[in-house]
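Read through the structure below, which is laid out as structure tokens, and then see the notes.
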Amino acid sequence: MDISKKKVDVNILKLTANIKESDYVSAVENALLDYRKKMTLPGFRAGKVPMSLVKKKYELAIRVEEINKLLSNSIQKYILDEKMSILGNPIPIENKIDFLNEIDYQFEFEIGLQPKINLSSAEKLKSDYWVIKPEKKEIDDHIFSLQKRYGSVQSFDKIEQGDMLSVVLQELESDNKPKADGIVSETSMLVDKIEDKKIRNKFFKLKKSDTIVVDLHKTFVNEADLLSMLKISKDKLNEINSDFSCTIKDVTRLTPAKINLELFKKVYPDKVIKNSKEFNTAVKTELSDRYLIESDRKFFNDSSQIFLDKIKIDFPEKFLKKWLKTNIKKEFTEEEFEREYQNYLKYLSWQLIENTICTENNIKVTDDKLKDFAKKNVLQQMKNYGAVNLGDKEIDGIVANILKNEKEAEKMMNEVILIELVAYFKSKMKVNKKSTTLNEFIKLANKQA
């Protein structure tokens, strides 16, 4: 079988495949023999049908099938042997083939080549890198959140905003006496969840062991909260039209930890912090480091857009449009198709640029890199929830379970690639560092989105 190529347009080739009878005759004969073994016909034993009858019934269909197999395999092999990087799949060029009367055939295909990407046109350009400087309020708010995280729950007599109340709810008769066989539930409730402002203010005047009579439907608007507190079904709840007594058994409140050496050690066990000033500095550094993730992400978005804008890519547009139209199942108007095509070009442009960056700079996501990234994520989450101390074996087990989830593994793989690409942009482009506040940064990021 002979295959030749010819350039017909920018990054578009025409492949011509000439197939002779000798290329396929053996495969056809073998297929006919297999059919004969299975074929049954009245008057003949299985496998004993004359070959002339088998050929009459099946030869043409088998020949077409075997030629298509040969053609597909040969074209794919030719593309691999010629080291062609193609877009989409080869598109057959319409040509009338007379399988019935001819034995040698010529087939033509159109293929689109991946354009060569020249990164140098964008690598030396300037890209802004926004460094977020934590402000005093952010530092103070974070310190207070740390105080609450490492605080303790204590019992109090009087009720204040944010308190958790342990209560006994009891269904009443119209005269406010306990209802025989009525609902009695020992439960807990957040005072802030009381929707009615007048009722909530009444609670603030109560103390431990006090009792108040309330209309629960008015006190709590959220039906799920009521069902949970009363431990009843929705149908039962709809039947309730009486008041309840609410007896305060306990008042508990999260008391923030004091800013002292004990808190410093809990928050930063690996650092020696002697006073509030050093603690503030450590918190500021932590926030700055945390913001770097967002700074890197914006820098990546800005830099990748510069590459998209500046790198000229010679797409085989005629081929791509033809290929897309043959593969899109949905019906589009020409205007709708053009919009879809432009979106596809943008996606494809970045894929080609990213692949070129990764190939030329040997950027690969290895198993070790993926595991290290997942481990850092796990350790950070543990720290966020209060510095849980686990051994390496337990952490490695958590990481292994996370990476078993294909979606999570893919998500983390994309994050690792992003980190590598950010490092590439920083090394190749002229990085223009600028300082900003978190609020201003959010505005910048929203404009970009």
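Working note: Karplus 6.51/-1.76/1.60 with θ = phi - 60° gives segment 251-260 the couplings 10, 10, 9, 6, 9, x, 5, 6, 7, 8 Hz, where Gly and Pro are set to x.
Relative contact order of segment 141-225: 29 percent, from C-alpha pairs under 8 Å at least 6 residues apart in sequence. Classified by the C-alpha gyration tensor, segment 241-331 has an oblate form. Its axis ratio a/c, with a ≥ b ≥ c, is 1.5 or above, and a/b does not exceed b/c. For the pair segment 37-91 / segment 425-442, the C-alpha centres are spaced 61 Å from each other. Every helix of 4 or more DSSP H residues in the chain counts as -39500 (n - 2.57), and over all residues that averages to -17500 deg cm²/dmol at 222 nm. If the label point is 7 Å along Cα→Cβ of SER166, which residues in segment 212-247 have backbone nitrogen under 13 Å from it? No residues fall inside that zone. Using percent of Cα pairs over 38 Å apart as the read-out, say which of (1) 30; (2) 35; (3) 59 was calculated from these coordinates. Of the listed options (1) 30; (2) 35; (3) 59, (3) comes from this structure. The charge dipole of the chain, taken about its Cα centre with unit charges on the Cβ of Lys, Arg, Asp and Glu (plus for the first two, minus for the last two), comes to roughly 940 debye. Given +1 at the Cβ of Lys and Arg, -1 at the Cβ of Asp and Glu and no other charges, the dipole of segment 2-113 around its Cα centre is 600 debye to the nearest 20.
Relative contact order for the chain: 21 percent, from Cα pairs under 8 Å spaced at least 6 residues apart, divided by residue count. Of the GluC sites (Glu not before Pro) found in segment 88-134, those that fall in a DSSP loop while having at most 13 other beta-carbon atoms within 10 Å are GLU94, GLU102. Listed by number, the DSSP H helices of the chain that run 27 Å or longer by alpha-carbon position along their axis and have mean Kyte hydropathy of at least -1.0 are 51-81, 276-310, 406-428. Cross-linked pairs LYS198/LYS249; LYS148/LYS383; LYS265/LYS383; LYS116/LYS321; LYS148/LYS434; LYS133/LYS298: Cα-Cα separations exceed 24 Å for LYS148/LYS434. Relative contact order of segment 79-229: 16 percent, from C-alpha pairs under 8 Å at least 6 residues apart in sequence. Potential lengthening of the chain between ASN241 and LYS312 amounts to 18.2 nm, from the contour at 0.36 nm per residue minus the alpha-carbon distance.
Amide H contacts under 5 Å for ASP128: ASN432, restricted to partners 5 or more places along the chain or on a different chain, H placed in the peptide plane at 1.01 Å from N. Along the axis of the charge dipole computed for the chain (Cβ charges of +1 for Lys and Arg, -1 for Asp and Glu, origin at the Cα centre), the listed residues PHE44, ASN405, PHE244 are led at the positive end by ASN405.
Values quoted throughout were computed directly from the atomic coordinates according to the rules given, and no laboratory measurement underlies them. Keep in mind the model is a prediction, meaning the values are calculated, not measured. Neighbour counts run over all protein chains shown; Cβ positions are idealised from the backbone, glycine included.
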